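The values are calculated or read from the model by the stated rules, or taken from the named source; none is laboratory data. Predicted model only: the values in this text are computed from it and were never measured. A quick note on method: Cβ atoms are made from the backbone with ideal geometry, for glycine too, and the neighbour counts reach across all protein chains shown.
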């Protein structure tokens, strides 16, 4: 079983617009042999964007997460101190603090990161797109 950390936009697309996912990303997300994870970092990012009216979801965020937990077995990944410490060794290829912490989590937890963000391929993490 492969552990996959979903980038924020991938989680949103998986829920609301799966046609936006690449065929590879959709296939790995639908494969029952893979375990999907959503970081609390992504939940925080979505909440900030909702409050700033930069993101509108088809259902409330809490309902969306619960639905994906039930439908796709998505597991929430908390932020641990080890994840924050893992940021120390990362170059500044990407300026977005949310994305950098997702990369650090994926590295620390030995997960592949599902993302359409090509900047993330500069990091020592497997990016699936």
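Summary table below
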read-out	value
Boolean, residue 101 is touching a helix residue (DSSP H, G or I) at 6+ places or on another chain (Cβ under 6 Å), in a helix (DSSP H, G or I) and closer than 19 Å to residue 3 by Cα	yes
Residue 59 vs. criteria free of Cβ contacts under 8 Å to residues at least 40 places away in the same chain and under 20 Å from residue 116 (Cα atoms)	no
Set 64, 46: member being over 17 Å from residue 115 (Cβ atoms), crowded, with 16+ Cβ neighbours inside 10 Å and within 16 Å of the chain's Cα centre (by Cα)	64
Hits in region 67-84 (condition: under 15 Å from the mean Cα position of the chain (by Cα) and touching a residue at least 12 places away in the same chain (Cβ under 8 Å))	68, 72, 73, 74, 75, 76, 77, 78, 79, 83
Subset of region 78-97 (residues that are within 19 Å of residue 46 (Cα to Cα) and either buried (at least 21 other Cβ atoms within 10 Å of the Cβ) or at pLDDT below 95 (or both))	94, 95, 96, 97
Out of 26, 6, 87, sole residue that is within 25 Å of residue 124 (Cα to Cα) and touching a residue at least 24 places away in the same chain (Cβ under 8 Å)	6
Index of the failed condition, residue 1 passing every other in (1) farther than 18 Å from residue 77 by Cα; (2) at pLDDT below 95	(1)
Total residues in region 58-77, condition part of a loop (DSSP other than H, G, I, E, B) and either touching a strand residue (DSSP E or B) at 6+ places or on another chain (Cβ under 9 Å) or modelled with pLDDT under 95 (or both)	3
Subset of region 13-36 (residues that are surrounded by fewer than 19 Cβ atoms within 10 Å (Cβ to Cβ) and within 17 Å of residue 102 (Cα to Cα))	35
Residue in region 42-56 that is within 21 Å of residue 2 (Cα to Cα) and either assigned to a helix (DSSP H, G or I) or free of Cβ contacts under 8 Å to residues at least 24 places away in the same chain (or both) present	yes
